[in-house]
Amino acid sequence: MCDLGHPHQHGPFGFLVDTPGIRAIVAEARRVTAELAEPALRVEALRPAFATLLAADGWLPDACATPDETSGMGGGIGQYALYRAEDGSLCLFSLVVPPGAATPVHDHLAWGIVGIYRGRQDETIYRRLDDGSDPDRATLDVAKRQTLARGECYTLLPPADDIHYVKTISEEASVSIHLLANDTACVWRHRFDPEKGLVTPFRSGYTNAPCPPEGAR
Ligand SMILES: [Fe+2]
């Protein structure tokens, strides 16, 4: 399931956690991707099925809802692949952020939908004011802040509103579920330092699955 150290467990792609609910959301993502050309329409169409997944209890293994002290994201943040398409076109993962911890400011580079499964998070979304022509620098301004509790979702539609960070504000670790149209933890994306205006290449990695070798896709 969430620890691939055992020889009888699933490989690094496909359904790393295989439940009817995970199968259903992946099938729905495939359906809307085939039927709708616009990412904005796809994420809206996915909301009902995603809400059903967030409302259901008992499907997420405890091992995928646990902080990870060796995290590539820092702060004990665990990122657990639940489903990964081998071609990098879709992934479903849980993100576990300990109490008081925050992710780096980061982007995603793919459309998707994210919702809270446990705990509460504060999300801060940035607007980019520069034209992105300098790969090492970005001028960011806070566009929106919101508090999210179980069952609440937000959508990702790059390039708008694609840069954010989240912080856990509950006494328990927050667990959010992410469905994105890439292999999020294995793509090179960016972390940002809004105060210094700096951009750094960033690959978070999954806690429970390896990334393909560079250039393998
Ligand atoms: Fe994010």
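The values are calculated or read from the model by the stated rules, or taken from the named source; none is laboratory data. The shown structure was predicted, so the numbers you read here are calculated from the model rather than taken from an experiment. Cβ: placed from backbone, ideal geometry, glycine included. Neighbour counts: every protein chain shown.
Could we say that Tyr154 is within 28 Å of Gly58 (Cβ to Cβ) and within 12 Å of the ligand (Cβ to nearest atom) here?
When the stated conditions are applied, Tyr154 passes them.
Val97: within 14 Å of the ligand (Cβ to nearest atom), closer than 30 Å to Gly14 by Cβ, modelled with pLDDT of 95 or more and within 17 Å of the chain's Cα centre (by Cα), yes or no?
Against the criterion (within 14 Å of the ligand (Cβ to nearest atom), closer than 30 Å to Gly14 by Cβ, modelled with pLDDT of 95 or more and within 17 Å of the chain's Cα centre (by Cα)), Val97 qualifies.
Given the structure, is Ala185 of a type outside the set (D, E, K, R) and modelled with pLDDT under 95?
Considered against the rule, which asks whether it is of a type outside the set (D, E, K, R) and modelled with pLDDT under 95, Ala185 comes out as no.
When both residues are 6+ apart or on different chains and their Cβ atoms are under 9 Å apart, which pairs have a first residue that lies in the range 168-195 and is on the phi > 0 side of the Ramachandran plot and buried (at least 21 other Cβ atoms within 10 Å of the Cβ), and a second that is part of a strand (DSSP E or B) and modelled with pLDDT of 95 or more?
Within 9 Å, no pair qualifies.
Please work out which residue is surrounded by the fewest Cβ atoms within 10 Å (Cβ to Cβ), limiting yourself to the range 144-162 and to residues that are touching a helix residue (DSSP H, G or I) at 6+ places or on another chain (Cβ under 9 Å) and not polar (S, T, N, Q).
This residue is Gly151.
Tell me the residue from Tyr206, Tyr165 that is over 18 Å from Ala65 (Cβ atoms), surrounded by 14 or more Cβ atoms within 10 Å (Cβ to Cβ) and of a type in the set (Ser, Thr, Tyr), please.
Residue meeting the stated conditions: Tyr165.
Could you list all residues from the range 99-143 that are under 18 Å from Gly78 (Cβ atoms), among the charged types (D, E, K, R) and surrounded by fewer than 19 Cβ atoms within 10 Å (Cβ to Cβ)?
Arg120
From Leu46, Leu92, Leu60, Leu54, which residue is at pLDDT 95 or above, assigned to a strand (DSSP E or B) and either surrounded by 15 or more Cβ atoms within 10 Å (Cβ to Cβ) or touching a Phe, Trp or Tyr at 6+ places or on another chain (Cβ under 6 Å) (or both)?
Leu92
Tally time: how many residues in the range 116-132 are outside any strand (DSSP E or B) and out of contact with any Ser or Thr (no Cβ under 6 Å at 6 or more places or on another chain)?
Result for the range 116-132: 2.
Determine, yes or no, whether Ile113 is within 12 Å of the ligand (Cβ to nearest atom) and either in a loop (DSSP other than H, G, I, E, B) or over 27 Å from Ala27 (Cα atoms) (or both).
It is false that Ile113 is within 12 Å of the ligand (Cβ to nearest atom) and either in a loop (DSSP other than H, G, I, E, B) or over 27 Å from Ala27 (Cα atoms) (or both).
Residue check, Gly14 against (1) free of Cβ contacts under 8 Å to residues at least 60 places away in the same chain; (2) under 18 Å from Cys186 (Cα atoms); (3) away from the ligand (no atom under 16 Å from the Cβ), all met but one. Which one?
(1)
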